[in-house]
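Take a look at the structure below.
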Amino acid sequence: MDLQYLWQGRELKLRILRNAKKNIILRKIDSGSLKISVPKYLSVKRLLNWLDSHQDVIARVLQTPDLSEPKTEMLPEKIWFRGQLQTIKITSQNQFCYENEIFYVPHLPFLQQQQVLRTFLQNHAQTVLLNKLAEHANKMNLSPSQITLTNAKTFWGVCRQKTGIRLNWRLIGAPDFVMDYVCIHELCHLWHANHSKAFWQSVAVYCDDVARAKTWLKKHGTALFLLG
Ligand SMILES: [Zn+2]
């Protein structure tokens, strides 16, 4: 359902999706339209009331990048790899290589360059990250039903009894203590399917760096998404 909403003297187009569990979630489509996820039974009137009293939220969402536009058309100058910021250089050679902490990327259209780097990082995540997860599982005497990587944009890891553990491949950009923390965090969810006090106590038994890892992710987490 689409709605027009007058916001600071201009018409905003609202695309309403009734797919949220309990919160109202706004996303920007472009400077004149927003996507809004609302709970199934929220009336339009209550939604409009909510919008009227959350003008600051609308303003903030309108400042975010457009959903429809790619964030950048150029590779970043540096990217994180295993906890170090590494330089990206465009090379006239037609082969990609990683040498002396430099990523040499051939002259190619942007999307292909991005793909070359993503493939390199995903391959490393496949070995490094999933091996770590297996090692920690072993130490903790746990055997998740499956361990895989995910391309999710909204979480670092997810754990379900039935489907096992999926880790975001972008964590390969983070230092070891961060990867270890996320592995242990997800494994502990096999014991506690929540973030209760007991859950965090279990995490602390196996991980000394919880606070440090969380701080690192808060500070650098978005930079791990520079390649989309
Ligand atoms: Zn969790």
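FYI, it's all coordinate maths here, none of it is from the lab. Note that this is a predicted model, so its numbers are computed, not measured. All Cβ positions, even for glycine, are placed from backbone atoms using ideal geometry, and neighbour counts span all protein chains on display.
Some notes on this structure:
- Percentage relative contact order, region 109-225, counting C-alpha pairs under 8 Å, at least six apart: 23 percent
- Cα gyration tensor shape of region 2-62, rounded if a/c is under 1.5, else prolate or oblate by comparing a/b with b/c: prolate
- Taken along its three principal axes, the alpha carbon spread of the chain comes to 55, 53, 29 Å, from the longest extent down to the shortest.
- Residues W7, W169, W50, arranged from fewest to most other Cβ atoms within 10 angstrom of their Cβ, appear as W50, W7, W169.
- Neighbour cut-off at most 15 other Cβ (10 Å), DSSP loop, chymotrypsin sites (Phe, Trp or Tyr not before Pro), region 89-168: F155
- The magnitude of the dipole of the chain, with charges of +1 and -1 set on the Cβ of Lys/Arg and Asp/Glu and taken from the Cα centre, is near 960 debye.
- Here the contact order of region 1-51, divided by its residue count and restricted to Cα pairs under 8 Å and six or more residues apart, works out to 30 percent.
- Spherically averaged projected area of region 109-225 from its Cα convex hull (nm²): 7.2 nm²
- Sparsely packed loop sites in region 1-80 (the trypsin sites (Lys or Arg not before Pro) outside DSSP H, G, I, E and B with at most 12 other Cβ atoms within 10 Å) comprise K21, K22, K40, K71.
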